[in-house]
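Structure, as structure tokens:
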Amino acid sequence: MVKGNAPHILSFINLKGGVGKTTTAVAVAEILALEARQRVLLIDLDPQTNATVNLISEVEWGERDHAGHTIAQLFEDKINNQLPPKFDIECAIIRGVSTVDGGIEGLDLLPSSIRLITLQDHIPGVAMKGHFTNNPLDILKKALHPVIDRYDYIIIDCPPSLGAVTHNGLRISTGYVIPTIPDIVSTWGIYQIVDHVRGFAADLGQKIEPLGIVATKVQNNKLHERVMDDLAHGRLGKFNPSGVPQPHFFKNWIPQSVDVARGADHEAHLRTLNNKYGPNAYAALQGLTREILTLCEANTQ
Ligand SMILES: Nc1ncnc2c1ncn2[C@@H]1O[C@H](COP(=O)(O)OP(=O)(O)O)[C@@H](O)[C@H]1O
Ligand SMILES: [Mg+2]
């Protein structure tokens, strides 16, 4: 990408937990940086902090959290605005992260904190705290402003909800990806997400495109096979009260694999992404990343 162009900003979102949002977001960010040589920022917006401790050690996370160098501090500064602000984006961004090979050049992380669990409910109240400029939806957007043009891609790992934190991520997103296990329960809320994001984007007068649905943790059974076939043919589910179109279904799907689950362990000291994800899931994640790159490049034409 030519320097100065706006980055592609993609939220990974599903209302369901445990469907592979974090795993897919982290892997796509790693592959974009390591193999596609893109400048990537991964933002961990989930109070569960899984993407963060996938990429840095818990000890490093603890020190950074204590020093106020996580996304929780950004929101806390706005909530407790009678105290001097502590968050500094330059200090909070960790450069060259990854468990693999001592870090991946070009992959930066804006870490999360479990402190966000108690803070998140207070974010909408920020609007009442004095200044007209305190729009609770724009907290992340304003904080990123000084660094945004350093990146080609910003990948956002969202919590499994459509609350104030996710809205901060969507506010800056150009598109979103929906990871889902191909079963009934995990795909149930997909039309609600699409409908919600469509309304949110329309209210803000911005474009947030659904890039696609990616099947994750796929197992060799009849249910997964049937749901994948339905997704591939645009026949997802019946509960679609607003009649929104089914998003594109990515050709590459991520198999259920013990290697992937093990790869989330920061202490495993893995040398390559192939080791981290295992050959089958890694090939699928590479294919998915290529599909995402192609769609994003087509969107900028
Ligand atoms: N393809 C996969 N194969 C096996 N385990 C997986 C796979 N993808 C994710 N997992 C595991 O499933 C759990 C939930 O995945 P995660 O990415 O954290 O989901 P989410 O972010 O949607 O909550 C984690 O323990 C993760 O390691
Ligand atoms: Mg997660």
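Given the conditions (1) more than 16 Å from ligand 1 (Cβ to nearest atom); (2) touching a Gly at 6+ places or on another chain (Cβ under 8 Å); (3) open to solvent by 20 Å² or more (accessible area, probe 1.4 Å); (4) of a type outside the set (Phe, Trp, Tyr), which single one is not true for residue 217? So residue 217 meets the others, but not (1).
When 42, 55, 10 are checked against the criterion of being farther than 27 Å from residue 247 by Cβ, within 16 Å of ligand 1 (Cβ to nearest atom) and crowded, with 23+ Cβ neighbours inside 10 Å, a single residue qualifies: 55.
Residues considered: 74, 32. Of these, the only one that is surrounded by 24 or more Cβ atoms within 10 Å (Cβ to Cβ), under 30 Å from residue 247 (Cα atoms) and in contact with a helix residue (DSSP H, G or I) (Cβ under 8 Å, 6 or more places away or on another chain) is 32.
Only one of these is more than 16 Å from ligand 2 (Cβ to nearest atom), part of a helix (DSSP H, G or I), within 20 Å of the chain's Cα centre (by Cα) and more than 23 Å from residue 173 (Cα to Cα): 261, 281. Name it.
Working: 261 fails: more than 16 Å from ligand 2 (Cβ to nearest atom).
Residue meeting the stated conditions: 281.
Contact annotation: residue pairs with Cβ atoms under 6 Å, 6 or more positions apart or on different chains, pairing a residue in region 66-91 that is without any contact (Cβ under 8 Å) to a residue 12 or more places away in the chain and among the charged types (D, E, K, R) with a partner that is part of a loop (DSSP other than H, G, I, E, B) and open to solvent by less than 40 Å² (accessible area, probe 1.4 Å), are 77/87.
Of the residues in region 237-260, none is within 16 Å of residue 104 (Cα to Cα) and open to solvent by less than 40 Å² (accessible area, probe 1.4 Å). Of everything in region 52-97 that is at pLDDT 95 or above and hydroxyl-bearing (Ser, Thr, Tyr), the residue that is farthest from residue 268 (Cα to Cα) is 70.
Out of curiosity, is residue 98 under 18 Å from the mean Cα position of the chain (by Cα), among the polar types (S, T, N, Q), part of a strand (DSSP E or B) and within 29 Å of residue 255 (Cβ to Cβ)? Can you show your working first?
Details: under 18 Å from the mean Cα position of the chain (by Cα): yes; among the polar types (S, T, N, Q): yes; part of a strand (DSSP E or B): no; within 29 Å of residue 255 (Cβ to Cβ): yes.
The answer is no for residue 98.
Only residues that are free of Cβ contacts under 8 Å to residues at least 12 places away in the same chain and either within 16 Å of ligand 2 (Cβ to nearest atom) or of a type in the set (A, V, I, L, M) (or both) were counted across region 189-227, and they come to 1. Please tell me if residue 252 is assigned to a helix (DSSP H, G or I), within 16 Å of ligand 1 (Cβ to nearest atom) and of a type outside the set (A, V, I, L, M). Judged against the criteria, residue 252 is not a match. Restricting to region 143-188, give me the number of residues that are in a strand (DSSP E or B) and either open to solvent by 40 Å² or more (accessible area, probe 1.4 Å) or without any contact (Cβ under 8 Å) to a residue 40 or more places away in the chain (or both). Residues in region 143-188 being in a strand (DSSP E or B) and either open to solvent by 40 Å² or more (accessible area, probe 1.4 Å) or without any contact (Cβ under 8 Å) to a residue 40 or more places away in the chain (or both): 0 in total.
The values are calculated or read from the model by the stated rules, or taken from the named source; none is laboratory data. Everything numeric here is computed off the predicted structure, so don't read it as measured data. Cβ sites come from the backbone with ideal geometry, for glycine too, and all protein chains shown count toward neighbours. Side chains are part of the model used for accessible areas, which takes the heavy atoms of the whole protein and leaves out ligands, DNA and RNA. Shrake-Rupley method; radii C 1.70, N 1.55, O 1.52, S 1.80 Å.
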